[in-house]
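Here the structure comes first, spelled out in structure tokens, and everything after it is commentary.
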Amino acid sequence: MAIRKSKQESFEINGKIEEIRQRVERALSNGNFTSIITNNLLNHITGNYKKFSVWGEIKITLSENHEKTKIDIVSTANSDNIFALFSSPNDKILSAFKDNFK
């Protein structure tokens, strides 16, 4: 059984939740995430990230506060491989999303 670890980040940006949801979906797609699932009722977006050295998933929750939207991100990845000794798999997953979030 794989050993999995999680990492969480949150930030808030200007914009309505519908606009931010589209940007999040586009960022996941551009970041090569697969199996992207959006739950509009709960404002959850999930995706899988599978590369040679990193296997994991990302869960994003959106919540609106007046003219801003809060983005909560949780990355969970396998950390029981040799590649995890050199760099954090969760950092790679978070970077794949944040680098494409425009």
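The values are calculated or read from the model by the stated rules, or taken from the named source; none is laboratory data. As the structure is a prediction and not an experimental result, all values here were calculated from the model. Note: ideal-geometry Cβ built from the backbone for every residue, glycine included; neighbour counts use all protein chains shown. The protein model used for the area step is the full one, side chains on, heavy atoms only, and it has no ligands, DNA or RNA in it. Shrake-Rupley method; radii C 1.70, N 1.55, O 1.52, S 1.80 Å.
What the table shows:
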| read-out | value |
| --- | --- |
| Sparse-neighbourhood loop sites, trypsin sites (Lys or Arg not before Pro) in the range 1-41 - DSSP loop, at most 16 other Cβ within 10 angstrom | K16 |
| Out-of-range pairs (alpha-carbon distance over 21 Å; input K50/K98; K70/K98; K5/K70; K16/K59) | K5/K70 |
| Residue-span extension gain [E19 to I36] - 0.36 nm each, minus C-alpha spacing | 4.4 nm |
| Positive dipole terminus of the range 38-102, leading residue within F52, F97, H66 (C-beta point charges) | F52 |
| Bins of 10 Å from zero: percent of alpha-carbon pairs in the range 1-56 | 18, 48, 28, 6, 0 |
| Total formal charge among the other residues, if their Cβ is under 10 angstrom from that of T61, Lys/Arg +1 and Asp/Glu -1 | +1 |
| Dipole magnitude of the chain about its Cα centre (Cβ charges: Lys, Arg +1; Asp, Glu -1), debye to nearest 20 | 220 |
| Average accessible surface area per residue within the range 27-102, 1.4 Å rolling probe, Å² | 55 |
| The chain pair-distance distribution - Cα-Cα, 10 Å bins, rounded % | 16, 49, 27, 8, 1 |
| Test item: Cα-centred dipole of the range 1-52, Lys/Arg +1 and Asp/Glu -1 on Cβ, debye | 320 |
| Protein accessible area in the range 6-102, 1.4 Å probe - carbon and sulfur % | 49 |
| 10 Å Cβ shell holding at most 15 others, DSSP loop, chymotrypsin sites (Phe, Trp or Tyr not before Pro): longest site-free stretch of the chain | 1-51 |
| Selection from Q22, L42, I3, by position along the positive dipole direction of the range 1-54 (Cβ) | I3 |
| Summed side-chain charge close to S75 - residues other than S75 whose Cβ falls under 14 Å, Lys, Arg +1, Asp, Glu -1 | +3 |
| Difference of contour (0.36 nm per residue) and Cα-Cα distance, K68 to R26 | 13.2 nm |
| Computed lengthening from N78 to S53, 0.36 nm per intervening residue step minus Cα-Cα distance | 8.0 nm |
